[in-house]
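The values are calculated or read from the model by the stated rules, or taken from the named source; none is laboratory data. This one's a predicted model, so the numbers in the text were calculated from it and none came from an experiment. Glycine gets a Cβ as well: all are built from the backbone with ideal geometry, and neighbour counts include every protein chain shown.
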Amino acid sequence: MTTDVTPPPKEDPDDGPRTSGTPDATAAEPARPVVGAFTEMQQSPQFGELRRAHRSFAFPLTIAFVVWYLLYVLLSNYAGGFMGTKLVGNINVALVFGLAQFLTTFLIAWWYAQHASTKLDPKAEAIKKRMEDVA
């Protein structure tokens, strides 16, 4: 069996990395900022606002989920009678709490995706644009 696929072009270490075999492929890439620009941006109010928006969402939610998980573990260990309470048929409190762990995991992931797309991504995109304009 033979293939008609040609191998990718080899990179010339003097030219830097290329995205394709054409010489002007690097011209389409955005300018890359220098190290000092990253340090300056990290100390800017815009970056601080992005960091605050992320932390004010992620940290409290992480703490709440860890507390919820530890509550489940501790109740399973030390409150066996309560966790073994049957609710409907063979479904007990432990099963409901365990399934609720999965549900809350997916809800948190969805909620974070919504938060990121509405609050974090626009701020990050503005910072990225500013960095590319500076370079």
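Taking the criterion of being modelled with pLDDT under 80, under 29 Å from the mean Cα position of the chain (by Cα) and assigned to a helix (DSSP H, G or I), would at least one residue in the stretch 5-21 satisfy it? No, the stretch 5-21 has no match at all. When the stretch 97-135 is filtered for residues that are among the β-branched types (Val, Ile, Thr) and either touching a residue at least 60 places away in the same chain (Cβ under 8 Å) or not in a helix (DSSP H, G or I) (or both), the ones remaining, listed by number, are Ile127, Val134.
A residue that is among the charged types (D, E, K, R), under 26 Å from Asp133 (Cβ atoms) and at pLDDT 95 or above occurs nowhere in the stretch 25-37. For Tyr72, the stated conditions do not hold, so it cannot be described as surrounded by 15 or more Cβ atoms within 10 Å (Cβ to Cβ), in a helix (DSSP H, G or I), at pLDDT 95 or above and within 19 Å of the chain's Cα centre (by Cα). Which pairs have Cβ atoms under 9 Å, sit 6 or more apart or on different chains, and link a residue in the stretch 67-79 that is closer than 13 Å to Ala94 by Cβ to one that is in a helix (DSSP H, G or I) and of a type in the set (S, T, N, Q)? From residues that are closer than 13 Å to Ala94 by Cβ, the pairs are Tyr72/Gln101. Checked against (1) closer than 18 Å to Tyr112 by Cβ; (2) exposed (fewer than 13 other Cβ atoms within 10 Å of the Cβ), Ile91 passes all but a single condition, namely (1).
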